[in-house]
1. Once you treat every alpha carbon in region A:77-156 as an equal point and sum by Debye, what is log10 I(q)/I(0) at q = 0.19, 0.23, 0.24 Å⁻¹?
2. So which cysteines of chain A have no other cysteine's Cβ under 4.7 Å from theirs?
3. Taking the Cα atoms of region B:330-420, report the difference between the largest and smallest coordinate on each principal axis, in whole Å and largest first.
4. Determine one quarter of the surface area of the Cα convex hull of region B:4-100, which equals its mean projected area, and express it in nm² to one decimal.
5. Under a plain spin-label model, where a point goes 7 Å from the Cα along Cα-to-Cβ, how far apart in nm are B:Glu131 and A:Arg157?
6. Output the relative contact order of region A:2-65, whole-number percent, from Cα pairs under 8 angstrom with separation of 6+ residues.
7. Return A:Met90, B:Met136 ranked ascending by Cβ neighbour count within 10 Å, so the fewest neighbours appear first.
8. Other chains' Cβ within 10 Å of A:75-87 residues: what's the mean?
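Values quoted throughout were computed directly from the atomic coordinates according to the rules given, and no laboratory measurement underlies them. Just so you know, these numbers come straight off a predicted model, no measurement behind them. Please note: Cβ atoms are built from the backbone with ideal geometry, for glycine as well, and neighbour counts cover all protein chains shown.
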Amino acid sequence: MAMQTQDTALRVAGIIEAMKGVDGPLLPILHGIQEEFGHVPQDALPLIADRLNLSRAEVQGVVSFYHDFRRQPAGRHVLKVCRAEACQSMGGEALAARLEQLLGIGFHETAGDGSVTLEPVYCLGLCACAPAAMLDGEVIGRLDEARIEEIVAEVRR
Amino acid sequence: MTPVIYIPGDSGAVALGADKVAAAIEAELKARGTQARIVRNGSRGAYFLEPMVEVRTEKGRFAYGPVKPADVRSLFDNGFLTGNQHRLWLGAPDKIPFLAGQTRLTFARCGVTDPLSLEDYKAHGGLRGLERAVSMPPAYIVERVTESGLRGRGGAGFPTGIKWKTVLEAAGDQKYIVCNADEGDSGTFADRMIMEGDPFVLIEGMAIAGVATGATRGFIYIRSEYPHAIDKMNRAIVVARRAGMLGPAVLGSPNAFDMEVRVGAGAYVCGEETSLLNSLEGKRGVVRAKPPLPALQGLFGKPTVVNNVISLASVPIILDRGAAFYKDFGLGRSRGTIPIQIAGNVKRGGLYEAAFGMTLGEIVDEIGGGTRSGRPVKAVQVGGPLGAYFPRALFDTPFDYEAFAAKDGLIGHAGIVVFDDTADMMKMARFAFEFCAVESCGKCTPCRIGAVRGAETIDRLAAGAEPGESLALVSDLCNTMKFGSLCALGGFTPYPVMSAINHFPDDFRPQAVAEAAE
């Protein structure tokens, strides 16, 4: 466990060092950490605070403000489903409910087997091909029941 | 001549399968031993035809769409590399009615050129605005922009030239150009399309803004939901820097200007300019009170131009063709063109750039072709989640900042979301409150608490509890939010809520609720 923490600290320090020189470095650092670890580990916060000469509360406040920063690791797949108006106009809400049912989890939850995390997103800019979703960074338009079943099969594989 | 095949790399086209079509075309070329050059262009914006593949032949350019991977073999069998007929043949792309009716100024190159080829950009009229700007005194550039009548395309509609003038005249050892690419409004994708399809026009616009105001550094704040746009902008900046379009001597002039991309982190409120500045500084994206204006004390306390992507991307053509040319389009105080984004439940969804002044009905019925579901149009939300819902009775409203304001609405970033008659407007009103509650930065009490109370009150209304009192409470809350919030999130959430209540009262009647519950 101690080894793990030490390893985390080294990796976090590397990311901070690489970004420290930019103006307003906190968001780029947090993005870098999330990219590295898949989430922002609590252990990383005091290190960032120390290196940027901020209080821990300030760093904590920034991390908790933004929807993107995850406090726990996500599932192997991350499925973001747009819940905004354009997607609602094309039956997005019924599809979202169907997805929850098929995956057996709600939004903001990760499946028990760690296969997938289901997240809401408010607009992917794919509003002329609604309903839309993003699976592991890949964009999907004109979602329908059949496509949803494919997605569920894909993330369970 | 080797044929050139254009397959959009635009994320909307990709969401509809463009990458799979590209792979199928590559495989087919290989299997047949045929030579052709593939360009991943942007989208022309006719999403109902995407993935739309184009071929440039000796006879000109021809479009085919919507193409599925399974269509690729038959396209080749029918000689699509020479522009031959096929059941997916659409003819010359600029003759497609949806595209032929547009006035493409800002989006002139989007979907036409290779987004990362500066040669292609120049061959299609790019860079002429910046070339002119570097030979002009800064005040003269600012005057041209003011004269053009260009107003902030992000939604606020503030005259761009006036903002630039303030920054030009402000004292400061460092000034900044900040491009707001946090396009979070549902129903809008114009910023995304231009960043993915013609990134150089935004870079050129920002460089002109820098030269005009004395700012030497620029930031493009792009939302994290747009990974394709982030990638394209980053790569285009590298190309522009290498070509001397950015750097210590912009196009060989004494002006220095460089820029970088910053990525948001999923907070809608960061589309508000002062929240965005806080976010860029590495803080919580909380709204700042104005004054001080960002033009005087913006990023890191320095004079800062904060402009939307489309505002900045419209500047090069103004400098190139002149203020009078741009101003000639439009009506009243809404000059130039506006890229209208037609979205939601609509037959022909996409981006339609036109001079201000078309009526809402023309846009929805004639251009958009009515609903995709084939059912009657019930409502259209104009201007994103903070925009009003318009009923058919207001379809004669011309697309113009003031005309929409006069009907208790706003054009915002010019996104239009169409709903058919299955839409429940009470649900949509509740969603407006819920969205505001989720995204509120928490600074203003009316927004932070009002949005939560609003959603709760609509739930009570839906349950049939004290309908008269509940509705009165909702309008009272809206009034408080409208006048008691610093920014548009709390201040404009009343637009969708009150327009739903006022224009669709049947959806809020207790008996309707009771019937729906049965």
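1. Calculated log10 I(q)/I(0) at the listed q: -0.70, -1.05, -1.14.
2. That list is A:Cys123, A:Cys127, A:Cys129.
3. 36, 24, 21
4. Numbers: hull surface 21.4 nm².
If you wrap the Cα atoms of region B:4-100 in a convex hull and average its projections, you get 5.4 nm².
5. Spacing of the two 7 Å Cα→Cβ label points: 5.1 nm.
6. Dividing the mean separation by the residue count of region A:2-65 yields 30 percent.
7. Ordered by Cβ neighbours within 10 Å, fewest first: B:Met136, A:Met90.
8. Across A:75-87, the average partner-chain Cβ count within 10 Å equals 5.
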